[in-house]
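Presented below is the structure to which this report refers.
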Amino acid sequence: MPQPLHILWQDDHLVAVYKPAGWLVHRTGLDAGETRFVMQTLRDQLGRHVFPVHRLDKGTCGVLVMALHSDAARALSQSFENQATHKVYIAMVRGWAPPAVEVDHPLRPDDAPPDAPVQSAHTRFRTLAQLTLPEASDPRFATTRASLVEAMPTTGRRHQIRRHLKHLAHPIIGDATHGKGPLNRWWAQRLGQQRLWLHALRLSLPHPLTGEMLHLHSGLQLQPVPGSSVAACPHDLEVPEAPGLDWQRLQADWPWQWLNNASTPTPVRA
């Protein structure tokens, strides 16, 4: 029996939970061997039907919202479709990422034919911390570098953050599709787990009944970074400690250098 999900916020219209890494949002034939599903676990936990309104990849952890009735599902789905939501993610990536960069790089759906039209896609990135280890993950270099970056997508294409970071040549550690296999295995040995290091930290969206903005937070505490929207942007909810212990260990166990980053984003197009 899967563990109960950590509830971040709930009222009569919606519920926000902490989605653990490795869980699917709902059953799918593409991963027939998986047994952990947010939708079914939450339905059993609450004793009522829940409605998915957006998704997180299996490997991504953090804030996930479900509607509790069909009218709320319709309103929330429209908010995501109309880009009325604001999302903030944290990712651990290869190398030292730029201090601040905006990526305006259209994407074609992963399963689309090569001649399918591309879709506009835009993400803002800001580097929060840098890491240098005195050992080589690649024989071409004497050291191994990584960054913690804040990602703020303004469009909602599938795998957008992962693909835009690949476009910048800073793929997410643990990304089996868009990253580097040897580097992923090197980090998995040192971190003690193989996972995608992408975390949905914050989600702001209009409440489906009142229309007022609801600010949801995963509970993950980051090193304060002056000038970063992660540290500076308040949220409305008192959130209990989220079960993001792997991210807490990642920050505590490695010699990250946190940046005072107020750089102007550099645009990167196509």
Query raised in the report: In the range 219-236, is there at least one residue being under 19 Å from GLN10 (Cα atoms) and at pLDDT 90 or above?
Result: yes
**Report entry** Failed criterion for LEU165 (all others in (1) open to solvent by less than 70 Å² (accessible area, probe 1.4 Å); (2) in contact with a Ser or Thr (Cβ under 8 Å, 6 or more places away or on another chain); (3) under 28 Å from GLN221 (Cβ atoms) hold)
**Finding:** (2)
Query raised in the report: Consider SER147 against the criteria (1) without any contact (Cβ under 8 Å) to a residue 24 or more places away in the chain; (2) touching a strand residue (DSSP E or B) at 6+ places or on another chain (Cβ under 6 Å): it satisfies all of them except one. Which criterion is unmet?
Result: (1)
Query raised in the report: If you go through the range 181-195 one residue at a time, do you hit one that is in contact with a Leu (Cβ under 9 Å, 6 or more places away or on another chain), part of a strand (DSSP E or B) and not polar (S, T, N, Q)?
Result: no
**Report entry** Residues of the range 86-115 that turn out to be surrounded by fewer than 19 Cβ atoms within 10 Å (Cβ to Cβ) and within 22 Å of VAL15 (Cβ to Cβ), as a count
**Finding:** 1
Query raised in the report: Would you pick out the residues in the range 153-180 that are assigned to a loop (DSSP other than H, G, I, E, B) and of a type in the set (A, V, I, L, M, F, W, C)?
Result: LEU168, ALA169, ILE173, ALA176
Requested in this report: Would you check which residues across the range 203-221 are in a strand (DSSP E or B), open to solvent by less than 10 Å² (accessible area, probe 1.4 Å) and closer than 11 Å to GLY62 by Cβ and list them?
Outcome: LEU203, LEU216
**Report entry** Test for GLN40: is it assigned to a helix (DSSP H, G or I), of a type outside the set (Ser, Thr, Tyr) and either in contact (Cβ under 8 Å) with a residue 40 or more places away in the chain or more than 30 Å from PRO182 (Cβ to Cβ) (or both)
**Finding:** yes
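Residue-wise test of (1) part of a loop (DSSP other than H, G, I, E, B); (2) free of Cβ contacts under 8 Å to residues at least 40 places away in the same chain.
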position	(1), (2)
ASP12	yes, no
LEU56	yes, no
MET66	no, no
ALA84	yes, no
PRO117	yes, yes
Requested in this report: Filter the range 130-161 for residues that are under 17 Å from the mean Cα position of the chain (by Cα), over 16 Å from LEU191 (Cα atoms), open to solvent by less than 50 Å² (accessible area, probe 1.4 Å) and of a type outside the set (Asp, Glu) and give the result.
Outcome: VAL149, ALA151, MET152, PRO153, THR155, HIS159, GLN160, ILE161
Report summary line: Within the range 31-85, residues among the charged types (D, E, K, R) and either under 16 Å from the mean Cα position of the chain (by Cα) or crowded, with 19+ Cβ neighbours inside 10 Å (or both) come out as ARG55, ASP57, LYS58
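The values are calculated or read from the model by the stated rules, or taken from the named source; none is laboratory data. Bear in mind the structure is a predicted one, so any value in this text is a computation, not a measurement. Quick reminder, even Gly has a Cβ in these numbers, built from the backbone with ideal geometry, and neighbours come from all protein chains shown. Just so you know, the surface numbers come from the protein's heavy atoms only, side chains and all, with ligands and any DNA or RNA stripped out. Shrake-Rupley method; radii C 1.70, N 1.55, O 1.52, S 1.80 Å.
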